[in-house]
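Report on the structure given below.
The values are calculated or read from the model by the stated rules, or taken from the named source; none is laboratory data. Remember, predicted model here, so these are calculated numbers, not experimental data. Methodologically, a virtual Cβ is constructed for each residue, glycine included, from the backbone with ideal geometry; neighbour enumeration extends over all protein chains shown.
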Amino acid sequence: MGRKPKKQMTQFNKKVPKTDDKQFKSKTHKVITRLRGMRDILPDEYKYWNLVLKKAESIIKYYGFQKTEIPILEQLSLFERSTGKQTEVVSKEMFTFVDKDGDKVALRPEATPGLARSYIEHGLFNLPTQPVKLYWIGNLFRREKPQSGRQRQFSQIDLEVYGEANPATDAQLILIGYLILKEAGVDSHIQINSIGDKEDRDEYIKKLLEYFRNRKIRALLSPEDKKRLQKNPLRILDSKEEGTQKALEGAPQIIDNISDECRDHFMKVLEYLDEFDIPYTLNPNLVRGLDYYNRTVFEFWPEDSETGRQNALGGGGRYDGLVEYMGGRPTPAAGFALGVERIILKMKDNNIPVVNEEVDIFIAQLGEAAKRKAMIFFEELRAKGYKASQNFVKDNLKAQLEVANKLGVKLALILGQKEIMDNTILIRDMESGMQEVYSFNKVFEELDKRLK
Ligand code: AMP
């Protein structure tokens, strides 16, 4: 006797179903899921984003870069011309469509083409301060096979310098990338190479093709790499295929085939890196796969990475010919990008702590009159610039203080019936648990003292 029927209990205790809860099936509506490889960023994840972007932007601004934005959608021809029609990104990975006006458009798969277009279109070479140092943070889209650290929608922090050929620029860009990663708690190791200027590369490609004329060597290549050899021979160099790696063992190296001018430039970059004490490895097979690069190319690999490229945290290089090739005046340029999701994956691996949005004060209340006063007081705190929080829908004081605890606030301000009658307020130090009564008129004075 006295026991409630079992059926009713389970009904009552039933968990609120989430949309991804497999047990919950709407009888009328199928759940629409996100597209493959696209991502949501939930609030818990956003704490990492806030941390990375805050640290990154403070470093980037220190080095004089200015924030800029470009469209998500551009003309397809922009990427075909700049990134290169034969590159994997353009030939295989872009989201493209013909819009209702018949224009061929593409979701941006990388930022540099859009930034270079913007630089030319707005005549930024006329700005009084040169070189032009831009930074951009945003989403990119590549139709790749989704896996850990590889999505179809991802974000980059991108830095570009237009109008400066000095090797100090290359070194400083590498330093900035390295510092951003370090500040996020991720140790990196730079892989660096020089691929010379276009003439050097054309000559080198001839030598490489000559080398692969040897049938025995060519036979080691995978079918995919055989195709690459025809379409974009440099891409052979950073192939992950074991056979290709073996085939490359006796191949001519690009670094031995660059002009004296390019070599001097590269030596200077390395000397600056030595000065900055940045760990780097000369990687003769690093080419970076996009058409516009020349001279310095580099990638940021996780310190503990064996597999390298596969999970590179970022990469970049020089692209002195790009602006001219896109119809602008000859303009030396260099830049790099870091992948935000990959940085965050590493931060999680490294157990980097993230804090909640900083809140100093929690207002707790007990009773209807106190709630009303607390609500108005909360608005006053906001207007005066305090970082406060509340939970006015909870009436239980203990429950409210638990919320305050979770938020990690320094102080809880408590208003109850007694405090309303006496025109006072209780201030509780959440760390020590000590609480004292103050006249309500003195509350701001006391907060300023304690929050200093
Ligand atoms: P890339 O210009 O292709 O070298 O990309 C620069 C950086 O962006 C990479 O090192 C990654 O950190 C990141 N990245 C590139 N493609 C993806 C992707 N599909 N998903 C997540 N991050 C990516």
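See the values below:
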read-out: Selection from the stretch 96-111 of residues that are of a type in the set (A, V, I, L, M, F, W, C) and either touching a residue at least 12 places away in the same chain (Cβ under 8 Å) or at positive phi (or both); value: V105, A106, L107, A111
read-out: Close pairs (6 angstrom Cβ cut-off, 6 or more residues apart or separate chains): touching a residue at least 60 places away in the same chain (Cβ under 8 Å) in the stretch 337-355, assigned to a loop (DSSP other than H, G, I, E, B) and more than 9 Å from the ligand (Cβ to nearest atom) anywhere; value: I343/A184; I343/V186; K346/V186; M347/A184; M347/G185; N350/G185; I352/G185
read-out: Top-ranked residue of the stretch 125-149 - restricted to ones that are out of contact with any strand residue (DSSP E or B) (no Cβ under 7 Å at 6 or more places or on another chain), among the charged types (D, E, K, R) and under 20 Å from I72 (Cβ atoms), ranked as nearest to the ligand (Cβ to nearest atom); value: R142
read-out: Check on L447, among the aliphatic types (A, V, I, L, M), exposed (fewer than 13 other Cβ atoms within 10 Å of the Cβ) and touching a residue at least 24 places away in the same chain (Cβ under 8 Å); value: no
read-out: Among (1) over 20 Å from A333 (Cβ atoms); (2) touching a strand residue (DSSP E or B) at 6+ places or on another chain (Cβ under 7 Å) - the single one V161 does not satisfy; value: (1)
read-out: Among (1) more than 30 Å from Q156 (Cβ to Cβ); (2) surrounded by fewer than 17 Cβ atoms within 10 Å (Cβ to Cβ), the one test that P353 misses; value: (1)
read-out: Of residues in the stretch 202-246 being assigned to a helix (DSSP H, G or I) and aromatic (F, W, Y), the one farthest from G315 (Cα to Cα); value: Y211
read-out: Checking V323 against (1) over 30 Å from L290 (Cβ atoms); (2) aliphatic (A, V, I, L, M); (3) touching a helix residue (DSSP H, G or I) at 6+ places or on another chain (Cβ under 9 Å); (4) not in a loop (DSSP other than H, G, I, E, B), the condition it does not meet; value: (1)
read-out: Within the stretch 58-100, tally of residues that are touching a strand residue (DSSP E or B) at 6+ places or on another chain (Cβ under 8 Å) and more than 28 Å from V132 (Cβ to Cβ); value: 5
read-out: Filtered residue count, the stretch 138-149, keeping only those that are buried (at least 19 other Cβ atoms within 10 Å of the Cβ) and either closer than 13 Å to G114 by Cβ or without any contact (Cβ under 8 Å) to a residue 40 or more places away in the chain (or both); value: 2
read-out: Residue that is nearest to the chain's Cα centre (by Cα), among those in the stretch 112-123 that are surrounded by fewer than 21 Cβ atoms within 10 Å (Cβ to Cβ) and at negative phi; value: S118
read-out: Some residue of the stretch 330-341 being more than 16 Å from the ligand (Cβ to nearest atom), in contact with a helix residue (DSSP H, G or I) (Cβ under 8 Å, 6 or more places away or on another chain) and of a type outside the set (S, T, N, Q); value: yes
read-out: Scan of the stretch 285-323 for residues that are at pLDDT 90 or above and among the acidic types (D, E), ordered by number; value: E299, D320
read-out: Residue in the stretch 150-176 that is surrounded by the most Cβ atoms within 10 Å (Cβ to Cβ), counting only those that are under 16 Å from K67 (Cα atoms) and within 16 Å of the ligand (Cβ to nearest atom); value: L159
